[in-house]
Amino acid sequence: MKAVAFGEALRAQLAANLERLSHAPLDARALKRAAVCVIVTGEAGQAALLLTKRAARLSTHSGQYALPGGRMDAGESALEAARREAREEIGLELAPQDFIGRLDDYPTRSGYLITPLVAWLAEGVALAPNPAEVAKIYRVPLTELARPGSPQFVAIPESDRPVIRYPILGTLVHAPTAAVLYQFIEVALLGRATRVAHLEQPVWAWR
């Protein structure tokens, strides 16, 4: 795929494609609720998504690659939680009008139902990672996420569902992050009605 230019034409395209997505219902009664921000921004004029590496000192999922986000507090909506987590993790104040749509909820093996909300961020906005939670912030070009052979789907003996993973940033990024990234590319960028709730996580993430 050729480079994806960052600008208002892309914002309109992403918002229109997200608006057309009919969200798949999931039974969330036994799951804790969480929200993540899929933040579209620019890097040298090319569109990219923000990804973080979680701090090594965290008690859960330390050192993993993730989208800014976390568990909803009591009484919070997904939008409120996503805005709070962006502020707490990467020092980013997102207004409600910065959000241009959402993707399907994704159920995790560790008992969460994640709501991904897509936000638009002007190029060049300064970010301030909270060292207690975030080791580093990355801007991953959309072309890197949509290149041939990416993502990868592999089989494991413990499940009949395919494990999804992205070979990016010199490592392998797995679901739930990989599943959300994949649906963003498929739905928001390419306009395809692709579902991802069935995509599996590696066994080490089943806790």
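The values are calculated or read from the model by the stated rules, or taken from the named source; none is laboratory data. This one's a predicted model, so the numbers in the text were calculated from it and none came from an experiment. Because the Cβ atoms are built from the backbone with ideal geometry, glycine has one as well, and the counts that use them run over all protein chains shown. Protein only, heavy atoms only, side chains kept; ligands, DNA and RNA dropped before computing areas. Shrake-Rupley method; radii C 1.70, N 1.55, O 1.52, S 1.80 Å.
When peptides 37-45, 181-189, 149-157, 15-23 are ranked by their average number of other Cβ atoms within 10 Å per residue, the highest-first order is 181-189, 37-45, 15-23, 149-157. Over the chain, dividing the summed -39,500 (n - 2.57) contributions of all DSSP H runs of at least 4 residues by the number of residues returns a 222 nm mean residue ellipticity of -5000 deg cm²/dmol.
Can you work out the PRE-style zone for residue 132? Point 7 Å along Cα to Cβ, and I want the residues of region 68-85 with backbone N under 16 Å. From region 68-85, the list is 69-71, 84-85. Using the Cβ-Cβ distance between residue 110 and residue 147 with R0 set to 30 Å, the FRET efficiency works out to roughly 0.55. Taking 204, 120 and ordering them by how much accessible surface each has at a 1.4 Å probe, largest first, produces 204, 120.
Ligands, DNA and RNA left out, the accessible area of region 116-207 computed with a 1.4 Å probe is 56% carbon and sulfur. Here residue 136 is the anchor, and the lysines within straight C-alpha reach of less than 24 Å, apart from those fewer than 8 places off in the same chain, are 53. Please give the FRET efficiency for residue 193 paired with residue 8, using the beta carbon to beta carbon distance and R0 = 22 Å, rounded to the nearest 0.05. Computed FRET efficiency for residue 193 and residue 8 comes out at 0.35. Heavy atoms of the protein chains alone define the surface here; on that basis the chain has 47 Å² accessible area per residue at 1.4 Å probe size. Counting every pair of alpha carbons in the chain, the share spaced more than 28 Å apart comes to 20 percent. Ranking of 140, 125 by solvent-accessible surface, largest first: 125, 140 (1.4 Å probe, protein heavy atoms only, all chains present).
A DSSP coil position with no more than 10 other Cβ atoms inside 10 Å describes the following GluC sites (Glu not before Pro) in region 59-111: 93. Applying 1/(1 + (r/R0)^6) with R0 = 22 Å to the Cβ-Cβ distance of residue 204 and residue 154, what FRET efficiency is obtained, to the nearest 0.05? It comes out at approximately 0.95. Note on surface exposure: 52, 194 rank 194, 52 by accessible area, highest first, 1.4 Å probe.
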